[in-house]
Amino acid sequence: MQCSIAKKYYKHFKGTMFQKCTLTQVQAMDIMIAGRECIEKIFAEVLGAEDALVRNQFISGTHALTVGLFALLRPNDTLLAISGKPYDTLDEVIGITENASSLKAFGVKYKQIDLIQNEFDVEKIQEALKKEKIKLIHIQRSKGYSSRDSITIEKIENVVKEIRKIDKDVIIFVDNCYTEFVERKSPLEVGVDVIVRLTYKELRRRNCFKWSIYCRKREICFTCSRKTYISRTRQRSRTNSRCK
């Protein structure tokens, strides 16, 4: 499987004509715009996304998750976690633990449905979707600090199909950290809208880490980029880029 994944990356690196010079440092920017575009285009295509944010500005997984959630949720929206409570580090972000700057403090409602013996509670999920408008569904693939199993792509694919039967527009947001490349498909390839993941040393062959956001639809990625205050104007033109 690792060989298959490596071939996908080599194919896309070759297709974008990625060169060492595109990573040249330029003044205050860590890499040239053309190089940044190439990296994001490669990763997006390999993982089945229309667009991606692969940036040093994300200092941790919690930071990238926070950016995604705050970008996509608005006052009176409802966030539904269907794999149980997320990582403890998100408690203050969501408002499970009181925080004046949490999603809850800004009027975002939070609801939670626990797994039943490592399986999604599809009946409760569909019932929640029918009862009220849900803006975003959160899934955490890794077991994290709990004793449950990590969630497979097959299970995600099945629950996405059940969700789409009720609501075709709800944003399905997956925390994919620590579950990269353990299966041939990414969550985006089975209907998920957003994944947050860790691009780490197995890919970059260096002892360094980079968190990133991948979106199945470009407009969702643009919304996330605005929350980070990262301009996408020049990047989206691609007029002088080798990554066409």
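The values are calculated or read from the model by the stated rules, or taken from the named source; none is laboratory data. No experiment lies behind these values; they were computed from the predicted model shown. Neighbour counts run over all protein chains shown; Cβ positions are idealised from the backbone, glycine included.
Once the stretch 89-102 is narrowed to residues that are among the hydrophobic types (A, V, I, L, M, F, W, C) and over 20 Å from the mean Cα position of the chain (by Cα), the residue that is surrounded by the most Cβ atoms within 10 Å (Cβ to Cβ) is Ile96.
Conditions (1) touching a strand residue (DSSP E or B) at 6+ places or on another chain (Cβ under 6 Å); (2) more than 19 Å from Asp169 (Cα to Cα); (3) of a type in the set (Ser, Thr, Tyr); (4) assigned to a helix (DSSP H, G or I), marked per residue:
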| site | (1), (2), (3), (4) |
| --- | --- |
| Glu37 | no, yes, no, yes |
| Ile42 | no, yes, no, yes |
| Glu45 | no, yes, no, yes |
| Ala52 | yes, yes, no, no |
| Phe58 | yes, yes, no, no |
| Ala64 | yes, yes, no, yes |
| Val67 | no, yes, no, yes |
| Phe70 | no, no, no, yes |
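Of the residues making up the stretch 115-126, those that are in contact with a Lys or Arg (Cβ under 8 Å, 6 or more places away or on another chain) and either part of a helix (DSSP H, G or I) or of a type in the set (Asp, Glu) (or both) are Glu119, Gln126.
The set of residues from the stretch 167-184 being out of contact with any Phe, Trp or Tyr (no Cβ under 9 Å at 6 or more places or on another chain) and under 21 Å from Ile220 (Cα atoms) comprises Asp167, Lys168, Asp169, Val170, Ile171, Ile172, Phe173, Val174. Somewhere in the stretch 155-175, is a residue touching a Ser or Thr at 6+ places or on another chain (Cβ under 8 Å) and under 29 Å from Asn76 (Cβ atoms)? Checking the stretch 155-175: at least one residue is touching a Ser or Thr at 6+ places or on another chain (Cβ under 8 Å) and under 29 Å from Asn76 (Cβ atoms). Restrict the check to the stretch 103-122 and report whether at least one residue is surrounded by fewer than 12 Cβ atoms within 10 Å (Cβ to Cβ), within 21 Å of Lys161 (Cβ to Cβ) and not aliphatic (A, V, I, L, M). There is at least one residue in the stretch 103-122 that is surrounded by fewer than 12 Cβ atoms within 10 Å (Cβ to Cβ), within 21 Å of Lys161 (Cβ to Cβ) and not aliphatic (A, V, I, L, M). Under the condition of being β-branched (Val, Ile, Thr), in a helix (DSSP H, G or I) and either under 15 Å from Lys85 (Cα atoms) or out of contact with any Lys or Arg (no Cβ under 7 Å at 6 or more places or on another chain) (or both), the residues counted in the stretch 127-157 number 1. Consider the stretch 181-213 and keep the residues that are of a type in the set (Gly, Ala, Ser) and over 9 Å from the mean Cα position of the chain (by Cα). The one that is modelled with the lowest pLDDT is Ser186. Could you identify the single residue in Ile195, Ile166 that is within 22 Å of Glu132 (Cα to Cα) and of a type in the set (Val, Ile, Thr)? From the options Ile195, Ile166, the qualifying one is Ile166.
Checking each residue in the stretch 168-193 for being of a type in the set (D, E, K, R), within 22 Å of Tyr110 (Cβ to Cβ) and buried (at least 16 other Cβ atoms within 10 Å of the Cβ) picks out Asp175, Asp193.
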